[in-house]
1. So which residues in segment 26-64 are exposed (fewer than 11 other Cβ atoms within 10 Å of the Cβ) and either among the polar types (S, T, N, Q) or touching a helix residue (DSSP H, G or I) at 6+ places or on another chain (Cβ under 7 Å) (or both), if there are any at all?
2. Can you pull out the residues in segment 1-30 that are among the aliphatic types (A, V, I, L, M) and within 14 Å of the chain's Cα centre (by Cα)?
3. Quick one: Leu42 ticks every box in (1) of a type in the set (A, V, I, L, M); (2) assigned to a helix (DSSP H, G or I); (3) free of Cβ contacts under 8 Å to residues at least 40 places away in the same chain except a single one, so which number is it?
4. Ser23 - would you say it is within 27 Å of Leu90 (Cα to Cα) and not assigned by TED's automatic domain parsing to the domain that holds Asp93?
5. Looking at segment 74-93, can you tell me whether even one residue there is in contact with a helix residue (DSSP H, G or I) (Cβ under 7 Å, 6 or more places away or on another chain) and not assigned by TED's automatic domain parsing to the domain that holds Leu12?
6. Pull out all pairs, ordered by first then second residue, where Cβ-Cβ is under 7 Å, the residues are six or more apart or on different chains, the first lies in segment 10-27 and is assigned to a helix (DSSP H, G or I), and the second is among the basic types (Lys, Arg).
7. From the list Val75, Val31, which residue is at pLDDT below 95 and either part of a helix (DSSP H, G or I) or of a type outside the set (D, E, K, R) (or both)?
Amino acid sequence: MRSVGTLTRADLAETINRKLGLSRAESLAMVESILDKICAALAKGENVKISGFGSFVLRDKNERIGRNPKTGVEVPITPRRVLTFRASQLLKDRIAKG
């Protein structure tokens with residue numbers, strides 16, 4: 001697996017600034033607004049689907065018995081909600097082409 005840089009909020013805002021001509025402050029505010037909307041939807045228990053990109057899906061996991069790998073002692077794992085991401089086929093195709 002190759003190591004690459006990280007895409008940041010500032011990078012997204014910079015792209016909006018260049019492509020749309022908005023000020024840096026407006027561009028950053030737009031990025032923050034989009035991320036806030038996604039976070040709010042997930043916090044309310046809604047799934048988020050971005051066409052052509054993928055879906056953020058919430059799953060509830062039941063309580064189960066786990067095992068400490070060092071000692072072998074069984075411990076209960078509490079029920080929890082987890083967030084998963086499923087890439088769209090379009091995104092998978094773009095990634096595969098490099």
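The values are calculated or read from the model by the stated rules, or taken from the named source; none is laboratory data. What you are looking at is a predicted structure, and each value in this text was computed from that prediction instead of being measured. FYI the Cβ positions are ideal-geometry reconstructions off the backbone, even for glycines, and counts take in every protein chain you see.
1. The answer is Ser33, Ser51, Gly52, Asn62.
2. Here is the first cut: in segment 1-30, the ones among the aliphatic types (A, V, I, L, M) are 1, 4, 7, 10, 12-13, 16, 20, 22, 25, 28-30.
Within segment 1-30, Leu7 is the sole residue that qualifies.
3. Only one criterion in (1) of a type in the set (A, V, I, L, M); (2) assigned to a helix (DSSP H, G or I); (3) free of Cβ contacts under 8 Å to residues at least 40 places away in the same chain is unmet by Leu42, namely (3).
4. No, not satisfied.
5. From segment 74-93, those in contact with a helix residue (DSSP H, G or I) (Cβ under 7 Å, 6 or more places away or on another chain) are 83; that's our starting set.
Next cut, not assigned by TED's automatic domain parsing to the domain that holds Leu12 only: 83.
Scanning segment 74-93, I find at least one residue that is in contact with a helix residue (DSSP H, G or I) (Cβ under 7 Å, 6 or more places away or on another chain) and not assigned by TED's automatic domain parsing to the domain that holds Leu12, so the answer is yes.
6. Short answer, once both residue conditions are applied: Ala13/Arg24; Asn17/Arg24.
7. Values: Val31 fails: at pLDDT below 95.
Within the list Val75, Val31, the selection yields Val75.
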